[in-house]
Amino acid sequence: MNLRGLALKNLRRRPARTLLTILSVTVAVAVLFSLLMFNTGYQRALRQQLQQMGVHLMVVPIGCPYEAASLVLEGGRIDSYLDESAADRIAGLEGIAIAAPQLMQAVVRPEDGRTDIYLGIDETTLELKNWWRIEGTDSRPTAELLEEPDAVLLGYDAALIEKREQVGELLWVPEIETELKVSGILAPTGSQDDGFFYIPVRTAQSKFGLEGQLTAVQIRLTDPSLAPEIGDKLEAMFPSAQVIRMEELLGSMTALMGSAQALIFAIVLVVVVISAVGVLNTVLMSVFERTQEIGILRATGAGRGDVFTLIWTETLLMALAGGVGGLALAVVGAPLVEKGIRRFVPMVPAGSVLQFEPRTAVICVLVVLGIAVVAGAYPALRAATGRTIDALRTQ
């Protein structure tokens with residue numbers, strides 16, 4: 001008996017019902033596959049972005065970082081600062097590759113509805129940000145761009161806001177009564193770096209009245225695995241400061257997306273359950289409609305195992321067709337799916353984060369097989385265990 005051919009023939013007898021069932025499995029698998037790709041890609045992109053930052057540790061003034069950020073964005077002043085000698089002391093520690101001093105200050109422009117962030121830096125920050133490039137070239141920014149006290153290196157978005165396109169153009173900042181000269185424009189990075197105005201740290205200290213003060217020292221280690229050990233040393237060296245470890249930041253960002261992920265996974269679970277119920281309903285109805293036909297098969301020599309296998313084969317064919325369709329739909333519709341998920345998941349790294357992995361596809365195939373096993377078991381068992389004489393009497 002050609003069970004596969006008979007199963008295909010039976011499925012074609014009710015094309016609308018079969019197609020709707022396959023469609024439900026397709027949607028469930030597409031959603032599941034897209035979410036798994038997004039979850040894998042998100043974690044990878046997040047770690048890559050933190051690694052690209054080149055920062056393994058940060059030393060900042062004691063206090064809540066979120067409160068400090070709010071003060072800066074609102075144009076307030078942070079009450080506590082680091083002494084600039086901290087950068088030299090940190091740089092002298094064994095295992096420190098770069099210790100980059102920074103001074104961040106805000107210039108509020110209510111008439112324009114914006115706040116400009118000025119970041120005082122020196123050449124060590126340029127070494128730290130080794131992926132920065134000058135707009136229109138493949139060249140990295142060099143220390144010469146910050147040699148003049150009136151120099152300003154514009155982030156890509158900052159240049160667009162100020163409508164500055166050429167090196168050498170002047171930028172008047174009335175709030176600090178200073179005229180700056182554009183020394184370079186950074187190529188877009190897709191990060192917050194694009195929105196800053198970078199000036200020499202000495203200029204920032206002078207113009208904002210913060211001589212000898214810093215808001216942070218960003219640190220790159222010779223070996224990232226040294227972060228716990230050196231972090232403990234820094235906490236002992238600077239009891240009035242706070243040491244931020246990048247793995248803690250990664251953990252916080254991952255936890256932040258946890259609630260959104262839980263919601264999405266719950267939706268996927270509901271979709272999968274509905275899909276399984278749809279398959280169960282289709283196969284069960286098919287069994288009821290073909291009770292007499294199944295009885296004839298039994299009477300002409302088909303065993304219970306043959307009937308069971310026939311019904312389960314029909315279930316498996318529908319599930320597999322939906323699974324293949326779902327994988328194809330997820331791959332084709334990946335950009336739209338990613339755009340939709342970004343609305344619900346916070347702090348998604350720039351660039352595409354949908355990552356295809358064979359393991360993800362295997363998981364989806366196992367889910368499809370699970371749907372077939374669960375949804376096909378009862379109808380197949382019912383068809384196989386029914387009494388032949390009762391089936392033949394059915395009209």
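Rule-based calculations on the coordinates, nothing more; no lab input. The structure presented is a predicted model; accordingly, all values stated were derived computationally and were not measured. FYI the Cβ positions are ideal-geometry reconstructions off the backbone, even for glycines, and counts take in every protein chain you see.
With the alpha-carbon atoms as the only input, what is the per residue convex hull volume for region 111-188 in Å³?
97
Around A100, what is the net charge, scoring Lys/Arg as +1 and Asp/Glu as -1 over all other residues with Cβ under 10 Å from its Cβ?
Details: positive: K129, R220; negative: D122, E123, E127.
Local net charge: -1.
Under 5 Å between amide hydrogens, which residues at least 5 positions from F196 or on another chain qualify, with H placed 1.01 Å from N in the peptide plane?
Under 5 Å from the amide H of F196: G155, A158.
Apply the Karplus parameterisation 6.51 cos²θ - 1.76 cosθ + 1.60, with θ equal to phi minus 60°, to every residue of region 128-144 and state each ³J(HN,Hα) to the nearest whole Hz, in sequence, with x for glycine and proline.
Listing the rounded values in order: 5, 8, 6, 9, 4, 9, 7, 3, x, 9, 9, 7, 7, x, 10, 4, 4 Hz.
Using Cβ counts within 10 Å as a stand-in for footprinting exposure, how do Y118, Y198 rank, fewest first? Walk me through the numbers on the way to the answer.
Values: Y118 24, Y198 29.
Listed from fewest to most nearby Cβ atoms, that is Y118, Y198.
For region 114-120, what does the Karplus curve 6.51 cos²θ - 1.76 cosθ + 1.60, with θ = phi - 60°, yield as ³J(HN,Hα) per residue in whole Hz, taken in order and with x for Gly and Pro?
Ordered by residue, 3J(HN,Hα) equals 8, 10, 8, 9, 9, 10, x Hz.
Of the GluC sites (Glu not before Pro) in region 186-235, which ones lie in a loop per DSSP and count no more than 15 other C-beta atoms within 10 Å?
Within region 186-235, the qualifying GluC sites (Glu not before Pro) (loop, at most 15 other Cβ atoms within 10 Å) are E211.
Could you derive backbone 3J(HN,Hα) for region 88-94 from the dihedral phi with the Karplus parameters 6.51, -1.76 and 1.60 (θ = phi - 60°), listing whole Hz in sequence and x where the residue is Gly or Pro?
5, 5, 5, 4, x, 6, 5
Return, ordered by residue number, the residues of region 206-235 whose backbone nitrogen is under 11 Å from a label point located 7 Å along Cα→Cβ of I176.
206-211
Taking H as built 1.01 Å from N, whose amide H comes closer than 5 Å to the amide H of A151, not counting residues under 5 places away?
K181
What's the local net charge at K129, with K and R +1, D and E -1, over the other residues with C-beta under 14 Å away?
On the way: positive: R133, R140, R220; negative: D122, E123, E127, D193, D194.
Computed value for this residue: -2.
Sorting S191, S240 on the 10 Å Cβ count, fewest up front, what's the list?
Fewest-to-most ranking of S191, S240: S240, S191.
In 10 Å bins starting at 0, how do the alpha-carbon pair distances of region 99-252 split up by percent?
Per 10 Å bin, starting at 0, the Cα pair percentages come out as 10, 37, 33, 17, 3.
By how many nm would the segment from L369 to I161 lengthen if fully extended, with 0.36 nm per residue of separation less the alpha-carbon distance?
Numbers: separation 208, 0.36 × 208 = 74.88 nm, distance 5.42 nm.
Here the segment from L369 to I161 would lengthen by 69.5 nm.
For T222, which sequence-distant residues (separation of 5 or more, or a different chain) have an amide H within less than 5 Å of its own amide H, given hydrogens modelled in the peptide plane?
Amide H neighbours of T222, under 5 Å, 5+ apart: I96, A97.
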